[in-house]
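Each reported figure results from applying straightforward, stated rules to the coordinates on display, with no laboratory input. On a predicted model such as this, the values are computed, not experimentally measured, just so you know. Neighbour counts are summed over all protein chains in view; Cβ atoms, including those assigned to glycine, are modelled from backbone coordinates with ideal geometry.
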Amino acid sequence: MSALVILLLAAAPASSESGSGRFKPAGQMSAARVGHTATLLKDGRVLVVGGREGLTEIMTVDLFDPKKNGWKPAAKLKTGRSGHTATLLDDGTVLVAGGVAHTGDRFVALASVELYDPKKNVWLEGPPLDEARNVHTAVKLPDGRVLVAGGVREQTGTLSSVELFDPKKPKAWEQLEPMTVPRSGHRAVVLKDGSVLVVGGREVKPLQSTERWVNGAWVTGPDLQEPRQHHALVLLDDGRALSVGGVTTTGLSNLAELWKTGDTKWALAEHSLSLAHASFGAVVLKKGDVLVTGGEAYSAVDTPLAQRFIVAEQRWCMAGTMATSRKSHTATLLDDGRVLVTGGVSAGLTEASAEVWEAAKGVCNEPPGLALEP
């Protein structure tokens, strides 16, 4: 695809409906934010925590009510932070771990942990991480514990260390065997067998390697077809992991790769994304397809486009156009099957706006222009 065609795609005019989906306005958060988290609570609301605007970490927290399509402020964090993780625990509380804060003229990684109780609308201090970190991953295991891996810390650099939080023993974190490779900006997902798959990320440059946490030990997995960071990793209903897009050593990627437990290599999906991009939102929809929203596109600062991966056909199609182009935002699947998109960066400016995607009737058309096939 020519750079001109890709630029036209990335800068496509806003539309209320396109292909198999449409975006509708969902109000404004209390603050513009990037590097924040958005967590679906057990009562169906979405908790948006922290983030950054400019060089200021945000303490404010917002709650989105899908039934009212509106926002309300929640209790503030004790420490403003961005680049943290937020994990919904089995008891309905949200574990917020690590991140970064701007102190003086530099960013400082955080070890602090906070727990949000949605019933009481209060934040409680949790046990600090053994190692301060940001841009790490946190996943909830089938038994309710939370596995935190990697990240980056000033002076120390990229981390390989791994820690475990047990809500039944909430006084401290347990240090585990480190990953085989230090990683930040990587992605992690819990597979159906309970193991944790970690993909890509960055040490000094984007990584091609993968590994899996199995029965308390790390096992090296097959390499991706190409190295990547700022990509997406989701678990499909059939148990396969799908890795999409990201930043490679030479630019942006449009590749979509598939892997399942037992495979000796990652397989390219039959069709790749129509444009190479990174820092987008990605969620698995109720019917099993994957929705990708916005992101940083080739020859454009960011894009308003959404694409849908039809898993059964392994093809991508247009799924709507956001009113605001954005990257580094959040995308959260709601209980009713819609997707909430919040914040991020649009044309260099941090966004406070939010939009909701919903499925629309009609054919899910292929993106315009030539597809970049592997």
* To do: Using +1 at the Cβ of each Lys and Arg and -1 at the Cβ of each Asp and Glu in the chain, identify which of G245, V204, V94 lies farthest towards the dipole's positive end.
  => V94
* To do: Could you work out the local net charge near A347, counting Lys and Arg as +1, Asp and Glu as -1, over the other residues with Cβ closer than 11 Å to its Cβ?
  => 0
* **Helix-only [θ]222 nm of the chain, DSSP H runs n ≥ 4, -39500 (n - 2.57) each, per residue, nearest 500** => -500 deg cm²/dmol
* To do: Could you tell me which of the pairs K76/K327; K327/K361; K67/K327; K68/K287; K192/K260 are separated by over 20 angstrom between their Cα atoms in the structure shown?
  => K76/K327; K327/K361; K67/K327; K68/K287
* Structure fact -> In order over region 345-356: 3J(HN,Hα) from phi, Karplus 6.51/-1.76/1.60, θ = phi - 60°, whole Hz, x for each Gly or Pro, gives 10, 10, 6, x, 10, 6, 9, 9, 6, 9, 9, 10
* To do: Pop out the ³J(HN,Hα) list for region 190-196 in order, Karplus 6.51 cos²θ - 1.76 cosθ + 1.60 with θ = phi - 60°, rounded to Hz; leave Gly and Pro as x.
  => 8, 7, 5, 8, x, 6, 10
* Asked: What dipole magnitude, in Debye to the nearest 20, does the chain give about its Cα centre under +1 on Lys/Arg Cβ and -1 on Asp/Glu Cβ?
  -> 640
